[in-house]
Protein chains: 4
Amino acid sequence: MLKAAIVGASGYTGAELALMVNKHPELTLSGLYVSANSVDAGKPICELHGKLQGIIDMPVQPLTSVEEVAQQCDVVFLATAHEVSHDLAPTFLENNCVVLDLSGAYRVLSEGFYPQYYGFEHTHSKWLDKAVYGLAEWNEAAIVGADLIAVPGCYPTASQLAIKPLIESNLLDDTQWPVINATSGVTGAGRKATMTNSFCEVSLQAYGVFTHRHQPEISSHLGREVIFTPHLGNFKRGILATITMKLADGVNQQQIAAAFEQAYQGKPIVRLQQDLPKLQNVENTPFCDIGWKVQGQHVIVVSAIDNLLKGASSQAMQCLNIRYGFPMLTSLL
Amino acid sequence: MLKAAIVGASGYTGAELALMVNKHPELTLSGLYVSANSVDAGKPICELHGKLQGIIDMPVQPLTSVEEVAQQCDVVFLATAHEVSHDLAPTFLENNCVVLDLSGAYRVLSEGFYPQYYGFEHTHSKWLDKAVYGLAEWNEAAIVGADLIAVPGCYPTASQLAIKPLIESNLLDDTQWPVINATSGVTGAGRKATMTNSFCEVSLQAYGVFTHRHQPEISSHLGREVIFTPHLGNFKRGILATITMKLADGVNQQQIAAAFEQAYQGKPIVRLQQDLPKLQNVENTPFCDIGWKVQGQHVIVVSAIDNLLKGASSQAMQCLNIRYGFPMLTSLL
Amino acid sequence: MLKAAIVGASGYTGAELALMVNKHPELTLSGLYVSANSVDAGKPICELHGKLQGIIDMPVQPLTSVEEVAQQCDVVFLATAHEVSHDLAPTFLENNCVVLDLSGAYRVLSEGFYPQYYGFEHTHSKWLDKAVYGLAEWNEAAIVGADLIAVPGCYPTASQLAIKPLIESNLLDDTQWPVINATSGVTGAGRKATMTNSFCEVSLQAYGVFTHRHQPEISSHLGREVIFTPHLGNFKRGILATITMKLADGVNQQQIAAAFEQAYQGKPIVRLQQDLPKLQNVENTPFCDIGWKVQGQHVIVVSAIDNLLKGASSQAMQCLNIRYGFPMLTSLL
Amino acid sequence: MLKAAIVGASGYTGAELALMVNKHPELTLSGLYVSANSVDAGKPICELHGKLQGIIDMPVQPLTSVEEVAQQCDVVFLATAHEVSHDLAPTFLENNCVVLDLSGAYRVLSEGFYPQYYGFEHTHSKWLDKAVYGLAEWNEAAIVGADLIAVPGCYPTASQLAIKPLIESNLLDDTQWPVINATSGVTGAGRKATMTNSFCEVSLQAYGVFTHRHQPEISSHLGREVIFTPHLGNFKRGILATITMKLADGVNQQQIAAAFEQAYQGKPIVRLQQDLPKLQNVENTPFCDIGWKVQGQHVIVVSAIDNLLKGASSQAMQCLNIRYGFPMLTSLL
């Protein structure tokens, strides 16, 4: 049994991770942590997340000694803020823990990216160089040997899974940028009290246009420019991404279907659709549903995920399963 | 034209009041105010409430000199916290303003009530004695001559309009307490950022059981005990109250119908229903819909209002219309 | 491995049952059925319920020969209309199947009840006499030996679990009827297209007041009269029931707490709360959360369940686990 | 006073029209009609639309003699299906009524368009030639003299108001098609019971991709190709459209701002935003909110309307006000 710790257990992704670790036959939950000054420190996790009552009653402890926690676990999930993950990961790694980081701190292999988009200097280039991007369906080989896995963001997961097959098969026109319009549930903004997240203020709107951190994450991993427009929707969980792309000359329906089928054959978490996906089919599931329509020289691909699961926690667990050679779907369904 | 000021214009009821004052042919909006240390001070009201854009762009000003504001208006709406209203009302009254207070500060004609339920000593007994309770359909005669009108709370409005006709007609069994179960939209908690109001945390639940301030407000004005259980619902506006009561011996359907019809004849804001009310029919309207069912010795009465309108702002405006002899529905529809 | 069939697999409870049977280590899904003339006959279940894609793709077959289906399974779940269940159960029973009926057809052990509340004559008194009411926490002993288990309705489950401990401990005043106000998500109305269920028409309202079938189901199993007022809420899943009761003379807080604790000790599906339950904590879970508040001679108990799970499918599975001696929580979490 | 009739009064747009006609100081409501075989025929409109109680109780009558109705009114609103409007309009026109058609029957000035996109032959080319497209902010001069006004669709209104200023000012790159992603509330699908509209099935999804009738409506009136992807959202009212466009070489922020300001100066219904629009600000209002962001060679414009008002009924009323020279905002606010 591997001992798994979760740092950042007070948030929504932390709660999902706790449920999955608890259910996993090869893992034992060694500890739940929050930052030392959190108001939640010391409370049972099921008091923060009522749905965990009767399942997990372990307290979330203040993370006072990182070293000590690192020595008591084999694997750690960092469901923490970007800069916190940046700071914590090395200590865990130096203590031979496998780190699954759900923040953006190790997602892009270029230090220069961090001051510009995340507002801090990246000072762990050694580890950044070794980090593996945990887009599970596309990076299995690298994940197998990884000690530091940077689990992709929610929008980047929905977007890349929808676009990558067409890029890999060279089906897109290079001169026009894919246009990604995506709508996320409010859990995407984290568990906190803000006017933006206030029930009475939530209403469909675009935000972070041209400035959202996930745009460069998507661009850098796809290797091409995209236009990414995130929206806040009036629902709790899920992301629906609608992506409009221009096809290369002469590309036909069959080539597109073939590209998707080839990319996701044997990948049970991606469910290719006859029709277009509907958000509720993926809520509370680890799946990514993808459908598309073609007309003339354009293709519209729609993908749907649960932002807290395939967009965060269940993808982290997929990566762990790959890393340790456990059956891919263990504890996911 | 009467000059009307609104104090507490940054909140949801303040915005509704501003719209109604703006539309009222006999009123001119003389000023919008917030407390001097509010982060909203100085902003145009339409920046706080986007739906007011193109309609009202007056700034909400810090309330630095109450005296000065009082001298510049004929009528003031206090959409402020209980203790703030308690403190402000006398200055306005002494400057000959008519005060429509939407807080609880002058609703119950007993000083002893305030320390217990509102947490402050009432020190304006002179004005408390003169305050008139603004339950518009039941208190017209007193409202006509009033200078200080205490507009009822949202739950008390929905509850009393449903229960009072049966009490006035002596149709209820005295030995059993009416059981009021009511569900309110989240605007009822005000415009602010709290975990309770956070989009992801809102989910149907009871709260304030046996301790909500509206229980004694209802009881004291009905003159009898009630059991009042408020709930928070996953919607923005509206209150639905379901009230279960035991009938006095031998009371029949016809007597109940007669009691309601007599109570609300010529009262256009109360719409008696053949069937039971549905919340969305009253959303964004000044109406109170009431329906009921009888079986054996029990009657169930259901009432529905928009908590921000009949439960606050439009009832205040009804009171103003009554006070000044304007047609009852002016600016309400 | 027991072979389990599901009749009525096109509905929401059918889909939940299919997921649980699929996950259960002691069950194998032998067939999914719908009535022979259903428009859904022949379709893969994952086409009807998109969330089942990648998990179960078995078609829902037209139920042409009940006899034949009965011979091919050990256990059958009837997620069918009341009269359909009434007609189907005997054939399955005569073929030695264990029947878990999720309809009302065998819930009340009095034939006279059916014409009055369900609109049909009950013609299988032999089986009705043998039917066991599947309120899992209260009826384990009888369920163990049962061949026909009548799984309780959703409202009756939420209501009885909240009231029964107080009745069993003789804590209630006999002269006043418990007042049950409950709000259900729209899935409670089944998977079908009606104006009432239309997205734009759904809005909090009471319905079926004094006439809902669940009132006599609750009354007959509690052995006392109740007033039951169901409401339709603007959410998909879940029931919150708020129950107001008068206590017998001299009953105190400790007695009430003791009654609940004693009733549900060792019953992991009922989670007693320090505070009052919130609906979302039980959504997509098999739990029933119960909390209460006492003041003077009144107690208010609030219970919350997922109407499709503890209110239907997961309670059926609990009964199956009890019936066959499988660990209580198998396939529930 | 002009006599105004509404055909199709049972639908959501019909109800909004009735409210606005009722409020309009220059109009009198001469009759409400539904098709002769409608189940709603004969019912008071406030029974179909509960929110109209106490405001309008006129019955919706079966439309048996079009001729007769036409002779009794000066203006008619056709809130009817496309083919029904196609058939009805000529009779009203021949009887000298001004026709405001809210369907698609007279929106595109090319007969060939109808069989392909609407499934019927257009047989009234004489009237089609005279029809004026009622995009109020852009077509005032033509509307003034019109007898047949084809009120634009909801998506086309949101889209064109956002795109047209940039086309008129020649700011767009001609080689790339504007990408319109829009999400509509469920009222957009009309007042009817379908599985798609069923509360439990509604969940964010794209639909009608490359095949929606509004695509050619938008394209033909803009005079250029667009890619239009409509989505169904989990809310009742409103449309949010996010439009991504490539700018012509060298176009800068100032030119874009100038184009919008020039286009909508003196047009109070379009509210240009500093930031991006939020859907709830336009719900239950006649406004169209428009905001935009520019980066490099791309602009993203977001527009928001209430689909039943600016996307249908209030735009029809705007057209009527223009047609008759009434103040633009009469009965809109």
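Structure values in brief
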quantity	calculated
Region D:90-151 - charge dipole about Cα centre, Lys and Arg +1 at Cβ, Asp and Glu -1, debye rounded to 20	60
Inter-centroid distance (Cα atoms) of region B:185-199 relative to region C:266-299, Å	23
Lys pairs, chain C - Cα-Cα below 20 angstrom, 8 or more residues apart or on other chains	20
Axis-nearest residue in chain C [Cβ, rotation onto A], distance in whole Å	C:N284, 3
Inter-chain shielding of D:271-281 (mean C-beta neighbours from other protein chains, 10 Å cut-off)	6
Degrees, to the nearest 10: D:253-264 long Cα axis against longest axis of chain D	20
Estimated FRET transfer efficiency when R0 is 60 angstrom, pair C:Q274-C:L2 (beta carbons, to 0.05)	0.95
Inter-chain Cβ neighbour average for residues A:9-16, partner chain, 10 Å	0
Estimated [θ] at 222 nm from DSSP helical runs (n ≥ 4, -39500 (n - 2.57)) normalised by residues in chain B, nearest 500	-8500 deg cm²/dmol
Counting DSSP beta bridges with both ends in the protein assembly as shown, the antiparallel % (nearest 5)	45
Rounded tilt (10° steps) of B:12-23 against the dominant C-alpha axis of chain B	70
Packing rank of B:103-112, A:170-179, where each peptide gets the mean count of other beta carbons within 10 Å, highest leading	B:103-112, A:170-179
Ranked packing of D:29-38, B:22-31, most packed first, by mean Cβ within 10 Å	D:29-38, B:22-31
Ascending list, in nanometres, of distances separating the D:E261 label from those of the other copies (7 Å, Cα toward Cβ)	5.6, 6.3, 7.2
Beta bridges per DSSP with both ends in region C:154-305, % antiparallel, nearest 5	75
Rounded, prolate or oblate (a/c below 1.5 giving rounded, otherwise prolate when a/b exceeds b/c) for region A:204-333 by Cα gyration tensor	oblate
Global geometry of the protein assembly as shown, whether rounded, prolate or oblate, following the gyration tensor of its Cα atoms and the 1.5 cut on a/c	rounded
Mean-position separation - Cα centroids, region C:158-178 and region C:25-72, in angstrom	40
Listed peptides A:143-151, D:60-68 by packing density, highest first (mean Cβ within 10 Å)	A:143-151, D:60-68
Cβ-vector label at 7 Å, A:A193, separations to other copies in nm	1.1, 4.4, 4.5
Relative contact order (percent, whole number), region C:154-305, Cα cutoff 8 Å, 6+ residue spacing	31
Hypothetical label at C:F210: residues of region B:246-283 whose amide nitrogen lies under 16 Å (7 Å Cα-Cβ projection)	B:246-260, B:273-277
Relative contact order %, chain C, counting alpha carbon pairs below 8 Å whose residues are six or more apart	17
Of D:Q160, D:A5, D:G250, farthest towards positive along the dipole that unit charges on Lys, Arg, Asp, Glu beta carbons give chain D	D:G250
Within 10 Å of each Cβ in D:290-299, the average number of Cβ atoms from other chains	3
Acute angle (nearest 10 degrees) that the helix B:154-168 long axis makes with the longest principal axis of chain B, alpha-carbon atoms	40
Teacher prompt: D:Q72 distances to equivalent labels in other copies, 7 Å Cα→Cβ, nm	5.5, 6.2, 8.3
Assigned charges on the beta-carbon of Lys, Arg, Asp, Glu; the protein assembly as shown dipole about Cα centre (debye)	0
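A short reminder: the numbers here are calculations on the coordinates, not readings from a lab. Every value quoted in this text rests on a predicted model; they were computed, and no experiment measured them. Quick reminder, even Gly has a Cβ in these numbers, built from the backbone with ideal geometry, and neighbours come from all protein chains shown.
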